[in-house]
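The next block holds one structure in the form of structure tokens; read it before the comments.
The values are calculated or read from the model by the stated rules, or taken from the named source; none is laboratory data. Note that the coordinates shown come from a computational prediction; the quantities given were computed from them, not determined experimentally. Because the Cβ atoms are built from the backbone with ideal geometry, glycine has one as well, and the counts that use them run over all protein chains shown. Note: accessible area is taken over every heavy atom of the protein model, side chains too, but ligands, DNA and RNA are not part of it. Shrake-Rupley method; radii C 1.70, N 1.55, O 1.52, S 1.80 Å.
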Amino acid sequence: MPDPTPSSSSTPADRHSNREVASRLLRIADLLEAQEAEGFRVRAYRAAAREVGALGEQVEQIFEHGDRAALERIPSVGRSIAALIEELVETGRIGLLDRLEGHVAPEDLFCRLPGIGETLASRIHDELGVESLEDLEAAAHDGRLATVTGFGTRRVLGVQNVLDSMLRRRARGNGASPPARPDAVQPPVATVLAIDADYRSRAKAGKLQMIAPRRFNPSGEAWLPIMHLTRGKWHFTALYSNTALAHRLGRTHDWVVIYYEDHGDEGQCTVVTEYQGRLEGWRVVRGRERECLDFYARTHGWQWAAPATSDGP
């Protein structure tokens with residue numbers, strides 16, 4: 001069985017070899033199993049790892065000659081795993097593996113992009129407040145990213161091009177803000193709020209596996225609860241926010257970051273307790289407050305006297 005941990009001395013070609021791709025898929029399977037994800041997901045990654053490891057042609061060449069659709073034709077490699085292989089080939093990293101191993105801060109997410117190291121990633125988060133690749137893409141197009149020290153015209157254009165490929169946008173090069181991702185690739189607000197409530201309840205009861213985040217954790221303690229769930233077509237991973245801002249504001253056990261994936265379409269959102277306005281005291285999905293307002297109106301009959309607690313409604 002291949003060594004599941006990539007060597008720090010590996011060349012870029014090594015990191016894209018079939019052996020290395022299979023190794024990372026096995027690592028994902030092992031971590032999902034240890035974190036009590038559904039058994040069918042664990043089996044799927046192990047089956048894909050076996051098939052990739054046995055291929056005669058390199059997966060990087062398969063992708064370059066036929067894009068993601070060609071990867072999907074590999075036995076046991078469906079849309080979701082093909083998307084992860086594509087991400088590895090393009091960026092050298094897999095976001096899912098980063099999250100499972102404790103790389104869960106936005107800064108770690110941005111470090112997946114070529115030319116962005118820890119210093120630039122921290123500036124992006126601290127100065128712009130963006131927390132997802134979708135937010136970063138918008139900032140790259142609307143001029144905000146260019147205001148961050150270290151981002152000249154060429155680097156901003158590079159970020160636009162990489163994200164255009166990663167997020168399957170077609171707004172490259174016109175300088176306009178890209179269109180919002182269709183609602184079809186976002187789980188319903190009701191589902192996200194249910195995942196948030198389930199996560200916080202199980203975390204409070206001590207029923208979740210713990211991981212040791214890499215940031216703001218000098219002792220290496222496994223303190224961050226992680227939850228994997230499948231609801232309908234969506235696979236979810238939920239964790240408390242471990243960002244610098246969450247620590248500074250004392251919201252590390254209020255803000256919940258939820259990652260979601262559906263056959264290669266993926267994204268993330270943050271659920272928080274609202275502290276002002278009509279939704280004060282209620283759990284809301286950042287950026288989807290209007291939908292949350294409509295949801296609570298339907299389910300609670302416009303009874304807005306909610307307790308202002310982090311437990312939410």
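Of the residues making up region 218-274, those that are aromatic (Phe, Trp, Tyr) and within 30 Å of residue 72 (Cα to Cα) are 234, 236, 259, 260. Only residues that are open to solvent by less than 10 Å² (accessible area, probe 1.4 Å) and hydrophobic (A, V, I, L, M, F, W, C) were counted in region 98-112, giving 3.
Of all the residues that make up region 115-155, how many are exposed (fewer than 13 other Cβ atoms within 10 Å of the Cβ) and under 19 Å from the mean Cα position of the chain (by Cα)? So the count comes out to 2. I want to confirm something. Restricting to region 179-194 and keeping residues that are outside any loop (DSSP other than H, G, I, E, B) and modelled with pLDDT under 50, which single residue is surrounded by the fewest Cβ atoms within 10 Å (Cβ to Cβ)? Looking at residues that are outside any loop (DSSP other than H, G, I, E, B) and modelled with pLDDT under 50, I get 184.
Selection of region 127-156 for residues being out of contact with any Asp or Glu (no Cβ under 9 Å at 6 or more places or on another chain), small (Gly, Ala, Ser) and in a loop (DSSP other than H, G, I, E, B) yields 132, 143, 150, 152. All but one of (1) of a type in the set (Lys, Arg); (2) open to solvent by less than 30 Å² (accessible area, probe 1.4 Å); (3) at pLDDT below 85 hold for residue 68; which doesn't? With (1) of a type in the set (Lys, Arg); (2) open to solvent by less than 30 Å² (accessible area, probe 1.4 Å); (3) at pLDDT below 85 applied to residue 68, the lone miss is (2).
Restricted to region 100-121, and to residues there that are more than 18 Å from residue 237 (Cα to Cα) and part of a loop (DSSP other than H, G, I, E, B), the residue that is modelled with the lowest pLDDT is 112. Within region 195-210, if we keep just the residues that are assigned to a helix (DSSP H, G or I) and among the aliphatic types (A, V, I, L, M), the residue that is nearest to the chain's Cα centre (by Cα) turns out to be 195. In region 183-208, the residues that are closer than 17 Å to residue 283 by Cβ and touching a residue at least 24 places away in the same chain (Cβ under 8 Å) form Cβ pairs under 6 Å with partners that are part of a helix (DSSP H, G or I) and open to solvent by less than 60 Å² (accessible area, probe 1.4 Å), at six or more places apart or across chains, as follows: 189/292; 189/295; 190/295. Among the residues of region 38-60, the one identified as of a type in the set (Val, Ile, Thr) and within 21 Å of the chain's Cα centre (by Cα) is 42.
The C-beta contact set for region 65-87 (first residue closer than 19 Å to residue 42 by Cα, second residue hydrophobic (A, V, I, L, M, F, W, C) and assigned to a loop (DSSP other than H, G, I, E, B), distance under 6 angstrom, 6+ apart or interchain) comprises 84/94.
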